[in-house]
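For reference, the structure is listed below as structure tokens.
The values are calculated or read from the model by the stated rules, or taken from the named source; none is laboratory data. Quantities reported herein were computed from a predicted structural model and do not represent experimental measurements. Every residue, glycine among them, receives a Cβ derived from its backbone with ideal geometry; neighbour counts consider all protein chains shown.
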């Protein structure tokens, strides 16, 4: 609500660092603030749900991320499905945009395929009865499947077009809801019946081109996970319903992960336990110095070949006029799974912790409490919001719940996981006014001059965006294994 002093034209306290006398300009500034689209905590729908703490980490019952998502009003879960609430959707959109930035680097174009696919397409590739599928029959008795992936659908799209060699490679991706009739949904968004996935499909001229594409995408996937800052491993892929020559998986390391990752400490080679017969000896260097960890699979890349184009008759015209089968590779990222897995790994006790790049808001401003002796400084809080918003463009939220104390609001916003909390409180009333800036993730408190606070926060956020994932000394070696030339198959 608009401060009553501003409504009535009463003069605000004059500060040493900024003239707050009641002028037409000040009233106009306040009017602009309260008529612009302002992100405020009081308007966010987030129905809190208390969860029995004894269920956290109990076997097969509840993960930390599921507990926090429910308690903080971020996600409502039901029967393997999820309703994502406002803060969660903001994080989702940030992650999606990061993915789009990486897809642009490999010249991939975004499309959107239907969620329902003709059952005959999956029957042609022998996948109709091998997957946990949701199957539909429409009123004309036509059979459809809610797609878990879209290899058949994208290949079907391509075969309707006369593709010439000069048009290749073709690279298409989408970010959309997928479906899998999980028998045992588990850990909320980590294993669910509906999930949001980024799937990329690339068509190439020959095996060499396909493998070049594969290595390009591997690099941008690594770049994405390094930007997120969550420790991860890239390993040789395990069992899958896709018929690929070989594949790689990206995992976040977590005790609740259902995949067993086997890593050689000697050479760095890492594989899913499902593809090795001897789990105590490295299949690459024969070392017995083996490390075993649990992982949550968050991405998978498949070097497929011509299986789909042969079965669905997807051809291109070579330069010599010959008709040849297209070479396919496909690449998936579990978008909602990343959100849950990252929070699972990074969070501490009651405090949600996101990868900083995808926190719902980067900055939360906490103005003085209504009726407090610092109440006049609300005008400064409003000004600060507008100044920051010019640079951070909607990535700021103001906690306008003035009936609550600063301490109460600070603790709640810390639990939401906002990386930076700016408190306009008692420090502003001192002879040398200061703004309190809390670096929540770094557990640091800074007293900043009001005139410097914008540049201080922006510099902090810019440094965060430059930070990449720091893992153990084996990570570079593991990445080399994943990015090595695989043209030989």
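Of note, residue 190 satisfies the criterion of being at pLDDT below 95, under 15 Å from the mean Cα position of the chain (by Cα) and under 20 Å from residue 89 (Cα atoms). Of the strands (runs of 3 or more DSSP E) lying entirely inside region 196-301, those carrying at least 1 residues that are crowded, with 21+ Cβ neighbours inside 10 Å, modelled with pLDDT of 95 or more and touching a strand residue (DSSP E or B) at 6+ places or on another chain (Cβ under 8 Å) are 232-236, 246-253.
Condition first: over 10 Å from residue 164 (Cα atoms) and either touching a helix residue (DSSP H, G or I) at 6+ places or on another chain (Cβ under 8 Å) or surrounded by fewer than 16 Cβ atoms within 10 Å (Cβ to Cβ) (or both). Now tell me which residues in region 307-321 satisfy that. So that I can check it myself, show each step before the final result.
Taking region 307-321 first, the residues over 10 Å from residue 164 (Cα atoms) are 307-314, 320.
Matches in region 307-321: 308, 309, 310, 311, 312, 313, 314, 320.
For residue 369, the conditions (1) surrounded by fewer than 24 Cβ atoms within 10 Å (Cβ to Cβ); (2) in the same structural domain as residue 180 (by TED's automatic domain parsing) all hold with the exception of (2). Take the conditions more than 30 Å from residue 419 (Cα to Cα), surrounded by fewer than 20 Cβ atoms within 10 Å (Cβ to Cβ) and touching a residue at least 12 places away in the same chain (Cβ under 8 Å) and apply them to residue 147. Does it pass? It is false that residue 147 is more than 30 Å from residue 419 (Cα to Cα), surrounded by fewer than 20 Cβ atoms within 10 Å (Cβ to Cβ) and touching a residue at least 12 places away in the same chain (Cβ under 8 Å). The set of residues from region 112-148 being part of a loop (DSSP other than H, G, I, E, B), at pLDDT 95 or above and on the phi < 0 side of the Ramachandran plot comprises 112, 113, 114, 115, 138, 139, 140, 142.
Within region 71-99, the set of residues being without any contact (Cβ under 8 Å) to a residue 24 or more places away in the chain and farther than 18 Å from residue 193 by Cα comprises 89, 93, 97. Select, from 322, 374, the only residue that is touching a residue at least 12 places away in the same chain (Cβ under 8 Å) and either closer than 15 Å to residue 423 by Cα or in the same structural domain as residue 168 (by TED's automatic domain parsing) (or both). One residue alone meets the criteria, 374. Residues that are part of a strand (DSSP E or B) and surrounded by fewer than 17 Cβ atoms within 10 Å (Cβ to Cβ) within region 431-445 comprise 439, 444, 445, listed in sequence order.
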